[in-house]
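Undergrad: Submitted below is the structure of interest, expressed as structure tokens.
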Amino acid sequence: MYNEYNKIFWGIFIATFNIKLGAIKILPTFIGYIIILNGLSSLYKKTHIEPFNKSKTFAIIIIIITALSEFMEFSSIESNNLFLFNEIWIVFSSVIELLIFYNFFDGSIEYFNNNNICDLACETIKKLRFYIIVSVINIIFLNFALIFNITFLNIIIPIILIILRIYLIMLIYRFKNTSVEEIETK
């Protein structure tokens, strides 16, 4: 399980912190989501836990969304002409990301319960609730910012998003360490 969680860890890292060389992104966002998909696929193959499979489906959708976004950005398609489309696109991708990680955590909780790691399962349930609440609040703020062009929210939303991603990275790092401890005790 260490390798699977490690892939998801690095996928989130790459999806959050894009590496650019001048105007060209070396590791665009969709590459991070492809790595996440790879980790989710491996988790599903090893465990056959259905929420991991659902998470894979949403990961495929977000890969397509982010790849199209990168293509539009790279080909310099004028985003002013697609303003309403871009607003819907941003909100839709935020909801899809929430669904990816909800199902991922749901599958992880089921895995931990099946393997008698109940402390981590209970802790993950609490952290999942926090993640869902903050993500939904961020999506609501995003809608208000896009509809009413509220400058303050345009500053807060990316900060909340980065904090959520770091929160995810820390949780998955914990899952990786639990997998290593599990291997060492067997």
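The values are calculated or read from the model by the stated rules, or taken from the named source; none is laboratory data. Fair warning: this is a prediction, and the values are worked out from it, not measured in the lab. With ideal geometry, Cβ positions are generated from the backbone for all residues, glycine too; neighbour counts draw on all protein chains shown.
Undergrad: So is F52 over 11 Å from the mean Cα position of the chain (by Cα), of a type outside the set (S, T, N, Q), part of a helix (DSSP H, G or I) and surrounded by fewer than 18 Cβ atoms within 10 Å (Cβ to Cβ) or not?
TA: No: the conditions fail for F52.
Undergrad: Within the set of pairs 6+ apart or on separate chains, which have a first residue in the range 1-23 that is over 22 Å from I109 (Cβ atoms), a second that is outside any strand (DSSP E or B) and among the basic types (K, R), and C-beta atoms under 8 Å apart?
TA: A15/R165; T16/R165
Undergrad: I've got another one for you. Checking I147 against (1) modelled with pLDDT under 85; (2) not in a helix (DSSP H, G or I), which test does it fail?
TA: (2)
Undergrad: Just checking, how many residues over the range 152-186 are modelled with pLDDT of 85 or more and either of a type in the set (S, T, Y) or outside any helix (DSSP H, G or I) (or both)?
TA: 2
Undergrad: Still on this structure, please answer the following. Only one residue in E87, E4 is assigned to a helix (DSSP H, G or I) and more than 21 Å from L161 (Cβ to Cβ), so which one is that? Break it down into steps so the answer makes sense when it comes.
TA: Values: E87 fails: more than 21 Å from L161 (Cβ to Cβ).
The conditions single out E4.
Undergrad: Okay, moving on. Does I125 satisfy the criteria of being within 21 Å of I172 (Cβ to Cβ), more than 16 Å from the chain's Cα centre (by Cα) and either hydrophobic (A, V, I, L, M, F, W, C) or buried (at least 19 other Cβ atoms within 10 Å of the Cβ) (or both)?
TA: Judged against the criteria, I125 is a match.
Undergrad: Let me ask something else about it. Looking at the range 24-47, can you tell me whether even one residue there is over 23 Å from Y111 (Cα atoms) and at pLDDT below 80?
TA: Yes.
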